[in-house]
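Below: the structure, in structure tokens.
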Amino acid sequence: MDVEWRSFEAYVRGRTVALSRIAYLLTGDHHLAEDLVQQTFLSVAGRWQRLVTEGDPDPYVRRVLYHQHVSWWRRARRITHVSLAGVDPPAPDRADQVGVTVAVQRALARLGPRQRAALVLRYFEDLTEVETAAVLGCRVGTVKSQVRDGLARLRVLAPELAELLEVRS
């Protein structure tokens, strides 16, 4: 048990920053992102031995993170707009990209959680449509429509990002 615990501790230390960035993109709030990552690690801790024996635990952990976020959203549904004004980004940006970063964060915050999750998985984590569908637990067609609708909504919400969106489409 001690070896498995050390393995879990090493995983948590190694993946907390990356998972926190993803959680921040999903929630738009540093504190909620920290809570989401902690809740994900708590959910995974009890299954850690099985996950390690089956191979790479990372896809499962990310899937738990995304499902946990959707569950929070379904329970809360009280937050309709998350303002990112005055919030520092989780990692330092290069000066020439600050404007784009802020515009993307604000636009993502105005999307629904499913569209936001699909866009983050496809374009931030660079997963394929099949991998994204596996993480979200839905069909590939659902991923395609969520991404299409999310990009269309981003074009309306943030027309200044149109050039960036055209490159990605």
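The values are calculated or read from the model by the stated rules, or taken from the named source; none is laboratory data. Here the structure is a predicted model, which means the values were calculated and not measured. Note: ideal-geometry Cβ built from the backbone for every residue, glycine included; neighbour counts use all protein chains shown.
Among Leu51, Leu19, Leu32, which is the only one that is under 20 Å from Ala118 (Cα atoms) and at pLDDT below 90?
Numbers: Leu51 fails: under 20 Å from Ala118 (Cα atoms); Leu19 fails: at pLDDT below 90.
On inspection, the qualifying residue turns out to be Leu32.
Across region 1-17, which residue is farthest from the chain's Cα centre (by Cα) among those that are among the β-branched types (Val, Ile, Thr) and surrounded by 11 or more Cβ atoms within 10 Å (Cβ to Cβ)?
First pass over region 1-17, keeping only residues among the β-branched types (Val, Ile, Thr): 3, 12, 16-17.
Adding the requirement that they be surrounded by 11 or more Cβ atoms within 10 Å (Cβ to Cβ) leaves 12, 16-17.
On the way: Val12: 17, Thr16: 13, Val17: 12 Å.
Of everything passing the filter in region 1-17, Val12 is farthest from the chain's Cα centre (by Cα).
Which one is surrounded by the most Cβ atoms within 10 Å (Cβ to Cβ), of the residues in region 102-125 that are of a type in the set (D, E, K, R) and in a helix (DSSP H, G or I)? Break it down into steps so the answer makes sense when it comes.
Residues of region 102-125 of a type in the set (D, E, K, R): 106, 110, 114, 116, 122, 125.
Subset that is in a helix (DSSP H, G or I): 106, 114, 116, 122.
Values: Arg106: 18, Arg114: 20, Arg116: 23, Arg122: 21.
Out of the qualifying residues, it is Arg116.
Taking the condition of being surrounded by fewer than 17 Cβ atoms within 10 Å (Cβ to Cβ), within 14 Å of Arg63 (Cα to Cα) and not small (Gly, Ala, Ser), how many residues in region 132-148 meet it?
Qualifying residue count, region 132-148: 1.
Give me the pairs, please: first residue somewhere in region 45-60 and without any contact (Cβ under 8 Å) to a residue 40 or more places away in the chain, second residue anywhere and outside any loop (DSSP other than H, G, I, E, B) and exposed (fewer than 14 other Cβ atoms within 10 Å of the Cβ), beta-carbon distance under 6 Å, and either six or more positions apart or on two chains.
none
Counting just the residues of region 54-69 that are assigned to a helix (DSSP H, G or I) and of a type in the set (D, E, K, R), which one comes out modelled with the lowest pLDDT? If you could, list the steps in order and put the result at the bottom.
Just the residues of region 54-69 that are assigned to a helix (DSSP H, G or I), to begin with: 54, 58-69.
From what is left, the residues that are of a type in the set (D, E, K, R) are 54, 58, 62-63.
Details: Glu54: 82, Asp58: 86, Arg62: 90, Arg63: 90.
Filtering region 54-69 for residues that are assigned to a helix (DSSP H, G or I) and of a type in the set (D, E, K, R), the one modelled with the lowest pLDDT comes out as Glu54.
Search region 101-125 for residues that are outside the structural domain of Arg148 (by TED's automatic domain parsing) and pair each with any residue that is outside any loop (DSSP other than H, G, I, E, B) when their beta-carbon atoms are under 8 Å apart and the residues are at least 6 apart or on different chains.
Within 8 Å, no pair qualifies.
Out of the residues in region 18-32 that are part of a helix (DSSP H, G or I) and free of Cβ contacts under 8 Å to residues at least 60 places away in the same chain, state the one that is surrounded by the fewest Cβ atoms within 10 Å (Cβ to Cβ).
His31
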